[in-house]
1. Under the condition of being surrounded by fewer than 21 Cβ atoms within 10 Å (Cβ to Cβ) and touching a helix residue (DSSP H, G or I) at 6+ places or on another chain (Cβ under 6 Å), which residue from the range 83-95 is farthest from VAL18 (Cα to Cα)?
2. All but one of (1) farther than 30 Å from ARG77 by Cα; (2) touching a helix residue (DSSP H, G or I) at 6+ places or on another chain (Cβ under 7 Å) hold for LEU102; which doesn't?
3. Name the single residue, out of those in the range 102-121 being in a helix (DSSP H, G or I) and out of contact with any Leu (no Cβ under 9 Å at 6 or more places or on another chain), that is nearest to LEU11 (Cα to Cα).
4. When only residues in the range 52-68 that are farther than 14 Å from TYR27 by Cβ and assigned to a helix (DSSP H, G or I) count, which is farthest from the chain's Cα centre (by Cα)?
5. Would you check which residues across the range 24-47 are surrounded by 10 or more Cβ atoms within 10 Å (Cβ to Cβ) and more than 22 Å from TRP65 (Cβ to Cβ) and list them?
6. Can you give me the number of residues within the range 10-23 that are among the β-branched types (Val, Ile, Thr) and surrounded by fewer than 14 Cβ atoms within 10 Å (Cβ to Cβ)?
7. Consider only pairs whose beta carbons are under 8 Å apart and that are at least six residues apart or on different chains; among these, list those whose first residue lies in the range 113-133 and is modelled with pLDDT of 95 or more and of a type in the set (Ser, Thr, Tyr) and whose second residue is in a helix (DSSP H, G or I) and surrounded by 14 or more Cβ atoms within 10 Å (Cβ to Cβ).
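The values are calculated or read from the model by the stated rules, or taken from the named source; none is laboratory data. It should be emphasised that the depicted structure is a prediction, and the values quoted were computed from it without experimental measurement. With ideal geometry, Cβ positions are generated from the backbone for all residues, glycine too; neighbour counts draw on all protein chains shown.
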Amino acid sequence: MRNTGGKVWGLTGWIALVFYLAGCAEYLMMRFSFAPYLRLMTEDQQAWLLNLPAPAAGLWALSVWVGLLGGLLMVLRVEGGVIALAVAAVAAVLLVLHVSMLTDPTLVEIGGQVALRLMIVVAAVAVVLWLLARTLKRRGW
């Protein structure tokens, strides 16, 4: 049973690593105003994204970079991966709350319900990854 758990631990780490690597790529495309990425949005959406308030931009950065670290630590079987994934998940949830309630305009106003649902799914995946890693750690895998 322990061998299977080790495989699940590694698989969870790889999934987290790929998930957060994609988040880091998106974050970098936004920070460096990567034209092909920005062309996927309307001008209003581009302006909103490029002018995110500091708390929202900070939460986004915290979530993706600490999440990437968490995935890497899990793959390498180094302590701290679960804690990093917890921090990333909390940051993702707070980001959803911030952009859906505190920004002007809100995410829904600028991107519609689809954008909000997508952000909720991303935050939910972050939470599930953390909960799975926590459960695996508690079982000693």
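1. Per the criteria, the residue is LEU94.
2. Among (1) farther than 30 Å from ARG77 by Cα; (2) touching a helix residue (DSSP H, G or I) at 6+ places or on another chain (Cβ under 7 Å), LEU102 violates only (2).
3. VAL121
4. Filtering the range 52-68 for residues that are farther than 14 Å from TYR27 by Cβ and assigned to a helix (DSSP H, G or I), the one farthest from the chain's Cα centre (by Cα) comes out as ALA54.
5. Matches in the range 24-47: MET41, THR42, ASP44, GLN45, GLN46, ALA47.
6. Qualifying residue count, the range 10-23: 1.
7. So the pair list comes out empty.
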